[in-house]
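Following: one structure in structure tokens, then a few remarks.
The values are calculated or read from the model by the stated rules, or taken from the named source; none is laboratory data. As the structure is a prediction and not an experimental result, all values here were calculated from the model. Cβ placement follows ideal geometry from the backbone for every residue including glycine, while neighbour counts extend to all protein chains displayed.
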Amino acid sequence: MQAGPAKALCYHPLRNTHSRIEEPVLAARILNGTAIRDEIYKELESEIASLAAAGVRPGLAAVLVGDNPASKLYVNSKIAACGKLGLASFLLTPPATISTEGLLDVVADLNRRDDIDGILVQMPLPKQVDAKRILDAVDPAKDVDGFHPENVGRLVAARPRLVACTPAGVMEILRRSGIPVEGAHAVVLGRSDIVGKPMALLLLHANATVTVCHSKTRDLAGTARRADILVAAMGRAAMVTSEYIRPGATVIDVGQNVLSAAEDVERIFAKFPEKLDAFRKKGTVLVGDVHPEVVETAGAYTPVPGGVGPLTIAMLMSNTVRAARLRRGSGQNRGHAARSSS
Ligand code: GUN
């Protein structure tokens, strides 16, 4: 289904050099999520300007409970993206001790406010909070994460409205990179509500043949090796090795794992001296669910960082603009997420 690996004289990550050798080296095409995000932001900017001309400024409320450092980082990036695009943003920071009832009150308040089009409650929530009750309480029309059962059901029924951001972003990467989905065999590793399940549905609605794998799947590597498009979303650092990849396949890495143990970093990045240097300076390094050696087998892949990550926030911005339009009875925006699954 996919084209084989591109033969090119080019930068070769495993040799950390621009090749001066005579024979061509095999290297996967890098799917640049940052460039695709910038393309989407350009499109959103013109939509946001036309909304502004009509007196509408879409607004996003982010609820960050407690002080989980990773969640703080993610939410700050989301708020910064709103600032960059000229959307209104509201950051609410209830204490880690808040009860389910207390958080339900916060959500009810946001549901009532007309200046807020999108609500996101950053996950995970503290143990004492019933996360399902909180997600169910968000007005589906403002559910820019696409986690509410109504929005999940709409996706299942192929009538999507607000779709989970990361899988919607993956579809944008595939579409804008010209990777054929129709008729392809797509294998999704992971069945989470946030990524795996909506990812499988979006691929199915785009006419892929979809296999969903999980912790109980037998012969995981053999199943993955049948994929034209492999989406890795299990949250296991560098688990997907070359053994999982059919030569020439497109590999989408949704994982974002922070490594701090030197032995792990030295094993995974043994052939990547620049990553080892960065780790020695910083003390941590980010790795996806896909082992970096896969660059030698895949036809195309999304790097970590700089692949899927930037798209998650871009789709959140797209959903916020879409929610602003839908709430005002004008759903005719580009609707990146919805279009991907049509
Ligand atoms: N935690 C990890 N990913 C997400 C996400 O996409 N949205 C929210 N609200 N929380 C998350």
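Things worth noting here:
- Number of the exception - Leu92 against (1) farther than 22 Å from Thr166 by Cβ; (2) within 11 Å of the ligand (Cβ to nearest atom): (2)
- Among the residues listed as Val170, Val188, Val181, Val156, the single one being more than 15 Å from the ligand (Cβ to nearest atom), at pLDDT 95 or above and crowded, with 24+ Cβ neighbours inside 10 Å: Val188
- Only a single criterion out of (1) within 18 Å of the chain's Cα centre (by Cα); (2) on the phi > 0 side of the Ramachandran plot is not satisfied by Gly178, namely (1).
- Of the residues examined, Lys7 is not one that is away from the ligand (no atom under 16 Å from the Cβ), farther than 23 Å from His148 by Cα and modelled with pLDDT of 95 or more.
- If the condition is being within 16 Å of the ligand (Cβ to nearest atom) and buried (at least 20 other Cβ atoms within 10 Å of the Cβ), then the stretch 262-312 contributes Gly288, Asp289, Val304, Gly307, Val308, Gly309, Pro310, Leu311, Thr312.
- Of all residues in the stretch 142-151, those satisfying the criterion of being in contact with a strand residue (DSSP E or B) (Cβ under 8 Å, 6 or more places away or on another chain) and assigned to a loop (DSSP other than H, G, I, E, B) are Val144, Asp145.
- Applying the criterion of being in contact (Cβ under 8 Å) with a residue 12 or more places away in the chain and out of contact with any Phe, Trp or Tyr (no Cβ under 9 Å at 6 or more places or on another chain) to the residues of the stretch 121-130, the residue that is farthest from the ligand (Cβ to nearest atom) is Gln128.
- Only one entry of Ile98, Ile116 meets the criterion of being of a type in the set (A, V, I, L, M) and either touching a residue at least 60 places away in the same chain (Cβ under 8 Å) or closer than 21 Å to Ser77 by Cα (or both), and that entry is Ile116.
- Tabulated pairs, the stretch 64-89, first more than 15 Å from the ligand (Cβ to nearest atom), second in a loop (DSSP other than H, G, I, E, B), C-beta under 6 angstrom, 6+ apart or interchain: Leu87/Pro58; Ala88/Arg57
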